[in-house]
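Engineer: Dropping a structure here in C-alpha cells format, bear with me for questions.
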Amino acid sequence: MNNPATLPRPQLDPRKFRDKDWTAKGERRASVALKGLKTLWINTGTLCNLTCRNCYIESSPTNDRLAYLSVAEVRDYLDEIARHGLPTEEIGFTGGEPFMNRELPQMLDDCLTRGFRVLVLTNAMKPMLKMKDALLALHRRWSDRLTIRVSLDHYTKDLHELERGARSWAPTLGGLIWLARNGFSVHVAARTFSGQAEADIRKGFARLFAEHAIPVDAFDPVRLVLFPEMDAAVDVPEISEGCWNTLDVSPDAMMCASSRMVVKRKGAERPAVIACTLLPYDAQFELGATLAEAAGAVKLNHPHCAKFCVLGGGSCSKA
C-alpha cells in the first residue's frame, strides 16, 4: 500500500484558475447552472474536536472563521424554500463537527417536521454521544428520514489515524457501532488517499462492517462514499466548456447544479449562501444572502471544482 505522504505531487501551474471566464489556455471556462435546489447544506460552524491532516474546510478546535448558525437563522432559509416552492428534498448538516453546535437537535427537528430528509455529517465522537438522548428521540419520531454519515477515512486504524490523529479510531468506530445498534440509518464517508483500488477499499470496509454487525453495504456508493483527495496546491486540469463532451460528463451532475450551502462568517450580521460545501472562504463563490440571490450559474474557477467534482465524481449529498 502506498504511503500518501511519500507520493510525488506536481505543483499547480500559477497561471491556472486566475480568470473567472477564461482558462490559462484561452478557452472559455465551464460553468454550471442551478437546475433546481435539491439539497441545502447548513454549515453549523467550523469548530471541531479534531484537527485533521487534510480537512476540506480547515476545521479544528480553534478555527471559528465560520460561526455557529442559530435555529432562527436556519428557519429563515426553510421559510424561503416554502415561500418560493423550491424543489428541495434534503437538508444536509456539516461543519466543523455539527454536534458541537448546541442548537443542532432543534434544527434537525425543524427540518424533519417540515418533511425534508436530513443528512448529518459527523465523526461520531464525544460531541455526538453527548446528544444521545436527543438523537434517540429524533430517531423514534422520524426513523430513516434522518441519516447520520460517519467519517471513517479508512478501514484500518493506522490510516484512519494518519488523517484524523492519534486515538481517533476507537471513539469513531464506537460511535458508529452505537448508531447501528440503535437502528439509525447510517452511511459512512471514507477517502481514497491510501492509493488502493476502489474495489479493494470497499472489500476492506465490508470486512470491518461484517465484524461489527454494522448494516452498511460497502459496495453501495451512497451508503459508503469514497471521496477523492484534494489539495489546491497540486496541479489539475482546468475545466473548459469543451471538457463536458470530451470527458462525457454532464454539468447537471455537479454538486452546484443542485445544491447550495449556508454559512455565517465570524463577525457577520447575517448568513450567506455559497456555491459549494468545499469552498467556504473563497469570495468568488459567495452568491448572496438569500437562496434567490444564489440561484445563478457557478464558474468552475478553483482546483477543487476539477479535482473533486468533475474528475473525481465527488458529491457530498445523497440526493
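Engineer: Which residue out of ALA30, ALA72 is farther than 20 Å from CYS305 by Cβ and at pLDDT 95 or above?
Structural biologist: ALA72
Engineer: Shifting gears a bit: Of everything in the stretch 210-242, what is in contact with a strand residue (DSSP E or B) (Cβ under 8 Å, 6 or more places away or on another chain) and within 17 Å of ILE148 (Cα to Cα)? Give them in sequence order.
Structural biologist: ILE214, PRO215, VAL216, ASP217, ALA218, VAL222, ARG223, LEU224, VAL225, LEU226, PHE227
Engineer: Return the total of residues in the stretch 55-104 being of a type outside the set (D, E, K, R) and within 18 Å of MET125 (Cα to Cα).
Structural biologist: Taking the stretch 55-104 as the starting set, the residues that turn out to be of a type outside the set (D, E, K, R) are 55-57, 59-63, 66-72, 74, 77-78, 81-82, 84-88, 91-96, 98-101, 104.
From what's left, within 18 Å of MET125 (Cα to Cα): 55, 59-62, 93-96, 98-101, 104.
Residues flagged as of a type outside the set (D, E, K, R) and within 18 Å of MET125 (Cα to Cα) within the stretch 55-104 amount to 14.
Engineer: Here are some conditions: (1) of a type in the set (D, E, K, R); (2) outside any helix (DSSP H, G or I); (3) out of contact with any helix residue (DSSP H, G or I) (no Cβ under 9 Å at 6 or more places or on another chain). ARG167 meets all but one. Which one does it not meet?
Structural biologist: (3)
Engineer: Continuing with this model, one more query. When the stretch 77-127 is examined, which residues are found to be assigned to a loop (DSSP other than H, G, I, E, B) and surrounded by 22 or more Cβ atoms within 10 Å (Cβ to Cβ)? Don't jump to the end; show me each part of the working.
Structural biologist: We begin by selecting, within the stretch 77-127, every residue assigned to a loop (DSSP other than H, G, I, E, B); these are 85-89, 95-97, 101-103, 114-116, 123-125.
Across the stretch 77-127, the qualifying residues are THR88, GLY95, GLY96, GLU97, ASN101, ASN123, ALA124, MET125.
Engineer: Please verify whether the stretch 175-186 includes one or more residues that are among the basic types (Lys, Arg) and over 27 Å from PHE308 (Cα atoms). Walk me through it before giving the result.
Structural biologist: The first filter runs over the stretch 175-186 and keeps only residues among the basic types (Lys, Arg), leaving 181.
Those still in the list that are over 27 Å from PHE308 (Cα atoms) too: 181.
Yes.
Engineer: Need a quick list: strands (runs of 3 or more DSSP E) entirely within the stretch 219-276 having at least 3 residues that are more than 26 Å from ASP200 (Cα to Cα).
Structural biologist: The strands (runs of 3 or more DSSP E) meeting that bar are 259-263, 272-274.
Engineer: Continuing with the same structure: Restricting to the stretch 244-258, name every residue that is among the small types (Gly, Ala, Ser) and more than 16 Å from the chain's Cα centre (by Cα). Don't jump to the end; show me each part of the working.
Structural biologist: Our first condition is that a residue be among the small types (Gly, Ala, Ser); within the stretch 244-258, this holds for 250, 253, 257-258.
If the condition is that a residue be among the small types (Gly, Ala, Ser) and more than 16 Å from the chain's Cα centre (by Cα), then SER250 is the only one that fits.
Engineer: Hey, can you tell me all the residues within the stretch 238-256 that are touching a Ser or Thr at 6+ places or on another chain (Cβ under 6 Å) and farther than 16 Å from ASP21 by Cα?
Structural biologist: Hit for the stretch 238-256 is MET255, nothing else.
Engineer: Limited to the stretch 274-293, what total is found for residues that are surrounded by fewer than 16 Cβ atoms within 10 Å (Cβ to Cβ), closer than 18 Å to PRO87 by Cα and of a type in the set (A, V, I, L, M)?
Structural biologist: Of the residues in that region, 1 qualify.
Engineer: If MET230 satisfies every condition in (1) closer than 30 Å to LYS130 by Cβ; (2) at pLDDT below 95; (3) of a type outside the set (Gly, Ala, Ser) but one, which is the exception?
Structural biologist: MET230 satisfies every listed condition except (1).
Engineer: Select, from ARG181, ARG164, ARG149, the only residue that is under 20 Å from MET125 (Cβ atoms) and surrounded by fewer than 17 Cβ atoms within 10 Å (Cβ to Cβ). Walk me through it before giving the result.
Structural biologist: Working: ARG164 fails: surrounded by fewer than 17 Cβ atoms within 10 Å (Cβ to Cβ); ARG149 fails: surrounded by fewer than 17 Cβ atoms within 10 Å (Cβ to Cβ).
Going through ARG181, ARG164, ARG149 in turn, the sole match is ARG181.
Engineer: Have a look at SER250, SER240 and point out the one that is among the polar types (S, T, N, Q), at negative phi and surrounded by 14 or more Cβ atoms within 10 Å (Cβ to Cβ). Talk me through it step by step, then tell me what you get.
Structural biologist: On the way: SER250 fails: surrounded by 14 or more Cβ atoms within 10 Å (Cβ to Cβ).
From the options SER250, SER240, the qualifying one is SER240.
Engineer: Something else about it: For THR51, which of the numbered conditions (1) among the β-branched types (Val, Ile, Thr); (2) in contact with a strand residue (DSSP E or B) (Cβ under 6 Å, 6 or more places away or on another chain); (3) crowded, with 16+ Cβ neighbours inside 10 Å fails to hold?
Structural biologist: It is condition (3) that THR51 fails.
The values are calculated or read from the model by the stated rules, or taken from the named source; none is laboratory data. Here the structure is a predicted model, which means the values were calculated and not measured. Here the Cβ is made from the backbone with ideal geometry for all residues, glycine too, and neighbour counts use every protein chain on show.
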